[in-house]
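Asks: Could you have a look at this structure, given as structure tokens, before my questions?
What follows draws every value from the coordinates through simple rules; no lab data is involved. Remember, predicted model here, so these are calculated numbers, not experimental data. Glycine also receives a Cβ, built like all others from the backbone with ideal geometry; neighbour counts cover every protein chain displayed.
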Amino acid sequence: MAIGPLLPAIQADLSISHAVSGLLTTIPVLCMGIFALAGPWLGRRLGTERAIAASVAAIVVFGLLRSAAPEPISLLILTFGLGVGVGAVGPLLPVLVQQRAAHRAATVTGIYAGGIVVGTTLASALAVPLAGAELNWRLPLALFSLAALAGLLVAQRIVPAGQRASEDLDVRPPRLPWLRRRAWVLAVIFGAQSILFYAANSWLPAIYVERGWPQADAGLLVGLMNGVSLVGTFAAPVLADRIGRRASLAFAAGGPLAGFLGVTVAPDLALLWVTCIGIGSGAIFPLALTLPVDFARAGESAGGLAAIMLFGGYALAAAGPFVFGILRDATGTFGAGLWLMTLIAVAMVAMSWWLLPAGLGRRRTG
């Protein structure tokens, strides 16, 4: 998420529109949906460990090349290559945990999920300071690409080797329920929360730079948002156990609703609104990821529902930053985009309340 804080500098350097700027976030998010379907296949062909290594290599190589892109077209093409690596590695990480650390799967999964959030937070907070006084956006993009290698080395230490890659060939990807209506309901819910999250990460700094903030301070807003999202991430499962998944999702969606509405009508309270967006988004994400397990029929693979949810959800989310940029170019302000995000947050509350069963996710006792 280093792109968001650096967007004003990239726009100024390459003379690109807000719509094209939005594609820098849209392309990786779209790839996360499309190439999530290819991850299990790649794991079967190469073995999980080699497939992860190949995906990380793509992230590093295309990321470094992108940092040296001389003009907008090459920047977008190289962003696509980076997105392929990000999309492919996503579904492979849970497989690695299952193969190497099934006895402590929850702990290891929590470590790498928390690492993603921490990495996103640090990238957002450090992007502008690393760019320096001249706002050299290429340097932080190159450094963050190299950081992916460090992440791979840390993962190797957390999840020590225990199975040969060739043994992964027995793993079969789940059957995908393309025609099941409930799977697409999950995709819409997941897509709505993803649209809000990626739009905020992409455009909050630019919104406040346009309102006169220094670029470094505006970039820190995204770091704050991602940092406080950890509160929602850890609190959400406890809340769901007590009041159910439907009420928890509706309550969590109120955070982005309050945040986007606040940025629109009372922007001076930026820290409050960014905190609302962060905590709400952090809570929605783990709750949404548990929905395939809740909705799976007897004998049906939750993995198939999850694949459809991620594919459809990220496909929807990919449009968010791009549409936001188009609206900014068309209207000359960010107001229309902010009102659109507010309406999506309202829809998220409604979908959580009316499309999900009342007792979904509540712990049953007795």
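Asks: Enter the Cα centre distance for the pair the stretch 52-74 and the stretch 240-257, rounded to the nearest angstrom.
Replies: 38
Asks: Sort 258-264, 202-208 by the packing proxy (mean of other Cβ within 10 Å over each peptide's residues), most packed first.
Replies: 202-208, 258-264
Asks: I've got another one for you. Note down the Stokes-Einstein diffusion coefficient of the stretch 180-269 in µm²/s, whole number, using a Kirkwood radius over alpha carbon pairs, 10 °C, and 1.306 mPa s.
Replies: 107
Asks: Let me ask something else about it. What is the distance, in nm, between label points placed 7 Å from the Cα along the Cα-to-Cβ direction at Val265 and at Trp353?
Replies: In this crude spin-label approximation the distance works out to 1.7 nm.
Asks: Calculate, in nm to one decimal, what Val188 and Leu230 gain on full extension: separation in residues at 0.36 nm each, minus their alpha carbon distance.
Replies: 12.8 nm
Asks: By how many nm would the segment from Val118 to Ser15 lengthen if fully extended, with 0.36 nm per residue of separation less the alpha-carbon distance?
Replies: My answer for the length gained is 33.9 nm.
Asks: What are the ³J(HN,Hα) values, in whole Hz, obtained from phi via the Karplus relation 6.51 cos²θ - 1.76 cosθ + 1.60 with θ = phi - 60°, for each residue of the stretch 30-39 in sequence order, with x given for Gly and Pro?
Replies: These are the phi-based 3J(HN,Hα) values: 4, 5, 4, x, 5, 7, 4, 5, 8, x Hz.
Asks: Karplus couplings for the stretch 55-68 from phi (6.51 cos²θ - 1.76 cosθ + 1.60, θ = phi - 60°), rounded to Hz, Gly and Pro as x?
Replies: 5, 5, 4, 5, 4, 5, 5, 5, x, 5, 5, 4, 5, 10
Asks: Compute the length gained on full extension between Arg297 and Trp339: take 0.36 nm times their separation in residues and subtract their Cα-Cα distance, giving the result in nm to one decimal.
Replies: 11.3 nm
Asks: Can you order the peptides 247-257, 4-14 by their average number of other Cβ atoms within 10 Å per residue, highest first?
Replies: 247-257, 4-14
Asks: If you don't mind, there's one more thing I want to ask. For the stretch 54-97, what Kirkwood radius comes out of the mean inverse Cα-Cα distance, in Å?
Replies: By the Kirkwood definition, the hydrodynamic radius is 10.7 Å.
Asks: Treating the Cα atoms of the stretch 203-319 as identical point scatterers in vacuum, please give the log10 of the normalised Debye intensity I(q)/I(0) at q = 0.11, 0.22 Å⁻¹, two decimals.
Replies: Scattering profile of the stretch 203-319, log10 relative to I(0): -0.44, -1.19.
Asks: I'd like the projected area of the stretch 27-82, averaged over all directions, using the convex hull of its alpha carbons. Report it in nm² with one decimal.
Replies: Result: 3.7 nm².
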